Amino acid sequence: MKLASLKHARDGKLVIVSKDLTRYTDATRIAPTLQAALDDWAHIEPELRALAQSLEAGAAPVERFHERDCASPLPRAYQWADGSAYINHVELVRKARGAEVPESFYEDPLMYQGGSDSFLGPRDDIAMPTDDGWGIDMEAEIAVITDDVPMGVTPGEAGQHIRLVMLVNDVSLRGLIPGELAKGFGFFQSKPSSAFSPCAATPEELGAAWDGGALHLPLLVRYNGEEFGRANAGVDLTFNFPQLIAHAAKSRPLCAGTIIGSGTVSNKLEDGPGKPVREGGAGYSCIAEIRMIETIRDGAAKTPFMKFGDTVEIKMKDKDGHSIFGSIEQNVAKYEQ
């Protein structure tokens, strides 16, 4: 089952989308918003599933589905916590500045709590006051949405609380990160609004590509129209989603509608860091990673961060080449108040 939120008021209008992403049917008679559905998932999910089956059978009223009409599946959320499941990404960042990765990073996930009050829609601009010195970067990731998760849940139990899977562009301002982290109090200004894929899919919709904790398919990134990344989200991850959820719930419960991100999807080679797609590699899911590799290899980064007019596209295809979640397609634009 694939769910989406059409732009409407603050929290969108819940619709069910056909498997091929061409049609939708209104689900607001069951739940007005995705958050409302998640709040009572045990009772509402069967009704949504029945409507989804009617949609596929041609027995439900339908409208043409346009991804541009979508907000993020949750236009705002009670919680957005982003992990760093792919330690290769962290290793590269540290190696580029001559630092070792602490052993604890391989046993205890990194995670930050991001702003969740104003997510961008999948086709909304990344609007910034300036593109000079802020280091605008995309980060292509996988994310899950949970139902209510009790405090102290174990990784073995946490997977049962994953209700939906989607893609995310976790926008980062690399030029602001060092100053913020130097204060010893974490990200804030350096992490503006993120954007999520048009659709969120239930785990069973993903078939064999979903193993209960990770999504084993390439995450496809195009930057300014050229292939930039195709790292496999099921490869080289140190922590899976149940482990990330358990980490987040160590000292607090997580309410229904909590979003947990994987961090930048990052693959490596046995003989060193990953290669660009044009050289036969899996490429990258963010600009910072190729800059780190340039620094390691050449002594200095050459690839610039994003400027006004730059574009990014993030999507994932199933084994038959069909888009699963729809595309995040964003343009970097000048912010006008």
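The values are calculated or read from the model by the stated rules, or taken from the named source; none is laboratory data. None of the values given here were measured: they were computed from a predicted structure. Counting neighbours? That spans all protein chains shown, and the Cβs are built from the backbone with ideal geometry, glycine included. Each accessible area value is taken on the protein alone, full model and side chains, heavy atoms only, with ligands, DNA and RNA left out. Shrake-Rupley method; radii C 1.70, N 1.55, O 1.52, S 1.80 Å.
Hey, can you tell me all the residues within segment 192-202 that are assigned to a loop (DSSP other than H, G, I, E, B) and open to solvent by less than 10 Å² (accessible area, probe 1.4 Å)?
The answer is SER194, SER197, PRO198, THR202.
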Pick from segment 171-191, criterion within 27 Å of PHE325 (Cα to Cα) and of a type in the set (A, V, I, L, M), ranking: surrounded by the most Cβ atoms within 10 Å (Cβ to Cβ): VAL171
Leading residue by the ranking (farthest from PHE241 (Cα to Cα)) among those in segment 99-143 that are open to solvent by 30 Å² or more (accessible area, probe 1.4 Å) and hydroxyl-bearing (Ser, Thr, Tyr): THR130
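In segment 180-204, which residues are of a type in the set (A, V, I, L, M) and either farther than 30 Å from LYS19 by Cα or modelled with pLDDT under 95 (or both)?
Of everything in segment 180-204, those that are of a type in the set (A, V, I, L, M) and either farther than 30 Å from LYS19 by Cα or modelled with pLDDT under 95 (or both) turn out to be LEU181, ALA182.
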Number of the condition not met by LYS268 [criteria: (1) farther than 30 Å from ASP147 by Cβ; (2) among the charged types (D, E, K, R); (3) out of contact with any helix residue (DSSP H, G or I) (no Cβ under 6 Å at 6 or more places or on another chain)]: (3)
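In this structure, is ILE287 open to solvent by less than 60 Å² (accessible area, probe 1.4 Å), touching a strand residue (DSSP E or B) at 6+ places or on another chain (Cβ under 9 Å), within 30 Å of ARG23 (Cβ to Cβ) and hydrophobic (A, V, I, L, M, F, W, C)? Lay out the reasoning, then the answer.
Working: open to solvent by less than 60 Å² (accessible area, probe 1.4 Å): yes; touching a strand residue (DSSP E or B) at 6+ places or on another chain (Cβ under 9 Å): yes; within 30 Å of ARG23 (Cβ to Cβ): no; hydrophobic (A, V, I, L, M, F, W, C): yes.
Judged against the criteria, ILE287 is not a match.
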Given (1) open to solvent by 60 Å² or more (accessible area, probe 1.4 Å); (2) hydrophobic (A, V, I, L, M, F, W, C); (3) touching a residue at least 24 places away in the same chain (Cβ under 8 Å), number of the condition VAL168 does not satisfy: (1)
Where a residue in segment 174-186 is within 16 Å of ALA288 (Cβ to Cβ) and its partner, wherever it lies, is part of a helix (DSSP H, G or I), with Cβ under 6 Å and at least six apart: ARG174/ALA288
Criterion (surrounded by fewer than 18 Cβ atoms within 10 Å (Cβ to Cβ) and of a type outside the set (Asp, Glu)) met by exactly one of ARG10, ARG23: ARG10
Near pairs, Cβ below 6 angstrom, 6+ apart or cross-chain, from segment 1-26 (closer than 13 Å to ARG64 by Cβ) to any residue that is charged (D, E, K, R) and open to solvent by less than 20 Å² (accessible area, probe 1.4 Å): VAL17/LYS2
Output for segment 14-56, where each listed residue is within 18 Å of GLU204 (Cα to Cα) and among the β-branched types (Val, Ile, Thr): ILE16, VAL17, ILE44
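In the set ALA288, ALA301, which member is touching a His at 6+ places or on another chain (Cβ under 9 Å) and closer than 30 Å to ASP131 by Cβ? Before the answer, list the steps.
Numbers: ALA301 fails: touching a His at 6+ places or on another chain (Cβ under 9 Å).
Being touching a His at 6+ places or on another chain (Cβ under 9 Å) and closer than 30 Å to ASP131 by Cβ holds for just one of ALA288, ALA301, which is ALA288.
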Single residue of ASN224, ASN232 found to be under 29 Å from LYS317 (Cα atoms), open to solvent by 50 Å² or more (accessible area, probe 1.4 Å) and among the polar types (S, T, N, Q): ASN224
